[in-house]
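Taking it in order: structure first as structure tokens, then the write-up.
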Amino acid sequence: MRRWPVLAFVAWAALLFWAALGLFARGFLLTRLELPQRSACRPGPPPWPGPGPAPPPAAASAPGGCWLPRRFARAVLVLIDALRFDFARWEPEAAAAAGPGPGRPFANRLPTLRRLLAARPRQARLYRFRADPPTTTLQRLKGLATGSLPTFVDAGSNFASHAVREDNLLRQLADNGKRVVFMGDDTWDGLFPEAFSQSYFFPSFNVKDLHTVDEGILQHLYPTVDGGEWELLIAHFLGVDHCGHKHGPDHPEMAKKLSQMDAMLRSLVDHLANDTLLLVAGDHGMTSTGDHGGESEDEVNAALFVYSKAPLFQDLPPQEPETVPQVNLVPTLALLLGVPIPYSNIGEVMADLFAVEGDAASSVLAQLAAYSVNAWQVNRFLHSYSLAAQDLSEEKLLRLQDQFSAIMEEYKQFLAQAGPPALPELQRLRSRFSRYLREARAVCAESWARFHPACMVAGCALLASSCLLCWVASQVASAWGFSYRHLLLYPLLWGVAGAALLGLAHLWGWAGVDFILLASWAAAASQCGFFWHCWARRSWRPRSTGPRSSSGAAGLRQRLWARAGPALPLSLLCVRCGAMLSDSFVMAEAQVVAFLLVSLVLLLVLRLHWEGRLEDSPFSWQLLGLLGGILACVRLSGLFRQCREETPHCRSSPVLAPLSSLQDPQTKNFYYMLCLAVLVGLAWGVRCWLRHYGNLNSPSPPVLFVRWGFPLLAICIGGYWAITSGAEEALVQAHPWVQLALVAFPQSVFVLVIAGLLLVLWDPVTVFVKDSREAAATGGPILLPSSQEELQQVIPQLYRRMQESLKSRLGETKAGSRATVAAYGLGSVYSAALLIPLALLGFLFMVLHTERLSLAFLLLFLEAFAWLWVHSWAGALASQADPFTVPWEALIGWALAAAQFFYATGHQPVFPAIHWNAAFVGFQQGHGANLIPALLVGANTFASHILFAAGCPLLLLWPFVCEMAGCQSRTPKSETDDGEEQLMEMRLREAPDKFSLALLQLGLKYLSVLGVQMLACVLAAMILRRHLMVWKVFAPKFVFETLGFVVSSIFLLLGIGLVMRVDCAVSLWFKQVILAQPR
């Protein structure tokens, strides 16, 4: 059996898809160009040369500041993560009801803000602080520091932050001698290294920890404020955000956390000096489930509270709070503190904060001075960016430039007038400044969503050709004379040559090259080599060993279904692909995939009925029973789905919540016992299967691990669930041994799973051979093979000898004689070696999910095994000509089931639906690096992809496992009644070349099914890139589909590699048996 060429071919095909996806992502998920320029106090802006950027009318430096006189000596920015606007707004209805309203524990929990707003209306103001999506913490912090807009691709690095290279407010403060003190979320340390004169960082990634960061800040906040050795103090509290992730906003813990924040603010106000500005802000909001990352109203509407002990506002606050974009905070705070506005800022100053005492005209003139500086800075940035990136609309830039020139000219005329200008004219000019800044921001936001069509089209073409290559190669693999040299080695050499040519062009300066472009070029060249050699060797034809002719109505029906059979499952696959072009279908994909899977199963059974295969068949009722089982699993899996934020009428399943959220002890105990039954059922089911096929008798380490390790895994997971299902307050105040158990139980599960997987890799042969003192009574001695080819011929003879000896043993046992040879588990040795790792992964995924989602994993295993039996019996009833070929409907159903249970395990292809809690299972104190949490969260998110991809070889192996008495027979009964037992999986070893080609064909077919779905997703993202829901629906869908494809292809390779490892171990085992036989 050729092992390494098969793995190399499948790996090469997967790399082709990866290169195509990388090329498309390069054109679709663009990052904004970051300019290296910085604003500076001195030297001042140059004289206005004409068409270029104009200097502000204000001097290059001003008393107490750079571009304008500073208004405050110090500022305190209290950033309460996820402070939604309605958390800060006073609700009169709840106050009239003498407390928070029913179901709204967060209402009116910040009375200090309300007291200051009522008592000092000209010194305090509440704003609706609107965030730009994506509403992840990293992107919001970048926007709050630079005054610019984040891009979508930055969302993927939310927990792997990189230093901000753009000009930002913290850098301007440091460059101008201002001291910045920070305390709180350690994300700032990665974004702004060495930007703080003093800092107190606390770990932020553990969303289950509500108190560590907040209590650490409170220890240092008041002494630092009283010390006065700072100009800007930033305190980033995380308790409210973590409480939302852990409990949601409608939970008593949220009321406690907001009350703690109110007490902090009440004390902080007493410590402020008269020349200090207080800003209390939220970086984003949260959904009704406590998540964020999208662009729903609850996520983008944060709160901003501004307060000063000195008079700050000229007018009284409006009835409805004003909405302020978050980027507006950067230019406002920069000018108030007397430092230059960061170079890349596109925000607009908050004019209310620049009003001065006196008449209205004086206040408007002060506001116009701030607006003029702001407009000049934005115009300078647009000019520089258009020269560097050239992706801004030239027409819109010209219109903005004309608008800016006209506004500045009018402003100069006002300043040159002898008398004071009229107030209405000043207000009109102020409106024109504001309109210019908002239009400039809109132009940037639109332009930074521009794509690279060439990369996108090339990526789609490469992806489509990869799908075609997998299909062609799978057809070639079913023919005789498959040449790895011509269809793998030579194309790889073509790819290396293509990459070398592009590399030389880059060295000679003819073309700019990066890694993605180089990989895509090599992939395209290798594909050209494959298709060229495939065309040159077009002598292959798929073998056809079935009947060539039939007569009568039955023959006509068979011919019709032979042609239309593969078209029906492929048409269902096309329906799913076409549905990706609709945002409504993408949002309802959980129901769509379940419907398509049920339709596929029904079509399979109806086809057998149409062909007359179910008539007088002993397996018809069993097949219908399995059909009912699959339908029941699909229906029950709908109880575990999470709703998207775009479907407000939908309610997420309460089963997704942890057991700790249940208040009724009886209900909690009932679900806990049910979850324990799932653990016991999984361990017991694997043992029963191994016992049924004889593998449990083996003394091999994997079998011993199944006997003793599986119960230990169930005990550890059950113990962990018993602790986590307790009351949250009880856990906080628990004894040290309870906290130790929270770490020890899941880490023990991790160690046991890893140990079990290593044991399977070390000794995967789960076969038990029992010999007596006498030699076998049937047949002569088997000669010792001298080569691998002779060994492949000897193995089936030896297996038949064992079967004959076993039959002799059974016959002699009835007469009281003793047996000579007994072999157990050899006919299912491949499947057993796959089932044990799949069960281990199932235990791992259960501990990474909430307790009741273990029921969803039970449905996953039941549906997968039912589908395997349906696939096996359907193939037997249809008299499939080639048992080494897995039909398309089996692979399509397998892929649909993987997608179905992605949703049935509480996931959605959106960032707020990611189960971040999985990163802290077994790591209550957090992580020192990002690798382990990324692996844990990835395993939680793509659990179904991993299980179905790793178990894909079972589609090839299971029909052979079913070749035993009482299950099915691929040969006429007359042939099996004369004494020969079914070989089961040893039939695969009778033709090792066919076995290797069957594995190759299986892997390529599954990759092509996944690749076609990926191609549809890519086409939808490209075609609908200007759609209103592109960043809300199609872009996240593309990201999740891409990651799912990468994970699936990796574990498909691991599954095929494990089968080949078993094959290698079986060959060695047979050699040992041959050497041990008597001569």
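The values are calculated or read from the model by the stated rules, or taken from the named source; none is laboratory data. These figures come from a predicted structure and were not determined experimentally. Note: ideal-geometry Cβ built from the backbone for every residue, glycine included; neighbour counts use all protein chains shown. For accessibility, only protein heavy atoms count, side chains too; no ligands or nucleic acids. Shrake-Rupley method; radii C 1.70, N 1.55, O 1.52, S 1.80 Å.
Computed values, structure above
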read-out: Enumeration of residues in segment 506-536 that are assigned to a helix (DSSP H, G or I), farther than 18 Å from residue 473 by Cα and at pLDDT below 80; value: 506, 507
read-out: Pairs with Cβ under 8 Å, 6+ apart, first in segment 645-664 and in contact (Cβ under 8 Å) with a residue 40 or more places away in the chain, second part of a loop (DSSP other than H, G, I, E, B) and open to solvent by 60 Å² or more (accessible area, probe 1.4 Å); value: 652/289
read-out: Looking only at segment 621-636, and only at residues there that are free of Cβ contacts under 8 Å to residues at least 12 places away in the same chain and open to solvent by less than 60 Å² (accessible area, probe 1.4 Å), the one that is nearest to the chain's Cα centre (by Cα); value: 632
read-out: Options 393, 372; residue that is within 22 Å of residue 168 (Cα to Cα) and surrounded by 14 or more Cβ atoms within 10 Å (Cβ to Cβ); value: 372
read-out: Selection within segment 686-717 - assigned to a helix (DSSP H, G or I), more than 12 Å from residue 833 (Cα to Cα) and open to solvent by less than 30 Å² (accessible area, probe 1.4 Å); value: 705, 709, 710, 713, 714, 716, 717
read-out: Filtered residues of segment 297-315 (kept if farther than 30 Å from residue 644 by Cα and either free of Cβ contacts under 8 Å to residues at least 60 places away in the same chain or not hydrophobic (A, V, I, L, M, F, W, C) (or both)); value: 307, 308, 309, 311, 314, 315
read-out: Any hit, segment 271-287, residues being open to solvent by less than 30 Å² (accessible area, probe 1.4 Å) and part of a helix (DSSP H, G or I); value: no
read-out: Count of segment 294-303 residues which are open to solvent by 10 Å² or more (accessible area, probe 1.4 Å) and outside any helix (DSSP H, G or I); value: 4
read-out: Qualifying residues in segment 589-599 (those that are touching a residue at least 12 places away in the same chain (Cβ under 8 Å) and open to solvent by 30 Å² or more (accessible area, probe 1.4 Å)) - the one nearest to residue 1035 (Cα to Cα); value: 591
read-out: Matching helices (runs of 4 or more DSSP H) fully within segment 178-253 where at least 1 residues are surrounded by fewer than 24 Cβ atoms within 10 Å (Cβ to Cβ) and of a type in the set (Asp, Glu); value: 187-191, 212-227
read-out: Residue in segment 642-653 that is assigned to a helix (DSSP H, G or I) and surrounded by fewer than 17 Cβ atoms within 10 Å (Cβ to Cβ) present; value: no
read-out: Any hit, segment 572-585, residues being farther than 23 Å from residue 889 by Cα and open to solvent by less than 40 Å² (accessible area, probe 1.4 Å); value: yes
read-out: Boolean, residue 885 is in contact with a Ser or Thr (Cβ under 8 Å, 6 or more places away or on another chain) and surrounded by fewer than 23 Cβ atoms within 10 Å (Cβ to Cβ); value: yes
read-out: Segment 665-676: number of residues that are without any contact (Cβ under 8 Å) to a residue 40 or more places away in the chain and either in contact with a helix residue (DSSP H, G or I) (Cβ under 7 Å, 6 or more places away or on another chain) or open to solvent by less than 60 Å² (accessible area, probe 1.4 Å) (or both); value: 1
read-out: Unique match (being at pLDDT 95 or above, farther than 30 Å from residue 647 by Cα and either surrounded by fewer than 24 Cβ atoms within 10 Å (Cβ to Cβ) or touching an Asp or Glu at 6+ places or on another chain (Cβ under 8 Å) (or both)) among 877, 841, 931, 868; value: 841
read-out: Test: residue in segment 430-438 that is within 35 Å of the chain's Cα centre (by Cα) and surrounded by fewer than 18 Cβ atoms within 10 Å (Cβ to Cβ); value: yes
read-out: All positions within segment 1-47 that are buried (at least 17 other Cβ atoms within 10 Å of the Cβ), over 31 Å from the mean Cα position of the chain (by Cα) and modelled with pLDDT under 85; value: 1, 2, 3, 41, 45
read-out: Condition check for residue 639: touching a Ser or Thr at 6+ places or on another chain (Cβ under 7 Å), open to solvent by 30 Å² or more (accessible area, probe 1.4 Å) and in a helix (DSSP H, G or I); value: yes
read-out: Residue that is aliphatic (A, V, I, L, M) and more than 22 Å from residue 726 (Cβ to Cβ), where the choices are 656, 614; value: 614
read-out: Filtered residues of segment 64-78 (kept if surrounded by fewer than 24 Cβ atoms within 10 Å (Cβ to Cβ), more than 14 Å from residue 273 (Cα to Cα) and in contact with a strand residue (DSSP E or B) (Cβ under 6 Å, 6 or more places away or on another chain)); value: 69, 77, 78
read-out: Options 549, 539; residue that is polar (S, T, N, Q), exposed (fewer than 15 other Cβ atoms within 10 Å of the Cβ) and modelled with pLDDT of 50 or more; value: 539
read-out: Qualifying residue in segment 156-166 (condition: assigned to a helix (DSSP H, G or I), modelled with pLDDT under 80 and open to solvent by 10 Å² or more (accessible area, probe 1.4 Å)); value: yes
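Quick grid of which residues meet (1) open to solvent by 10 Å² or more (accessible area, probe 1.4 Å); (2) under 20 Å from residue 831 (Cα atoms); (3) in contact with a Ser or Thr (Cβ under 7 Å, 6 or more places away or on another chain); (4) at pLDDT below 95:
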position: 973; (1), (2), (3), (4): yes, no, no, yes
position: 997; (1), (2), (3), (4): yes, yes, no, yes
position: 1020; (1), (2), (3), (4): no, no, no, yes
position: 1060; (1), (2), (3), (4): no, yes, no, yes
position: 1077; (1), (2), (3), (4): yes, no, no, yes
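Yes/no matrix, rows are residues, columns are (1) open to solvent by 10 Å² or more (accessible area, probe 1.4 Å); (2) in contact with a Pro (Cβ under 9 Å, 6 or more places away or on another chain); (3) outside any strand (DSSP E or B):
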| position | (1), (2), (3) |
| --- | --- |
| 305 | no, no, no |
| 333 | no, no, yes |
| 342 | no, yes, yes |
| 345 | no, yes, yes |
| 356 | yes, no, yes |
| 361 | yes, yes, yes |
| 414 | yes, yes, yes |
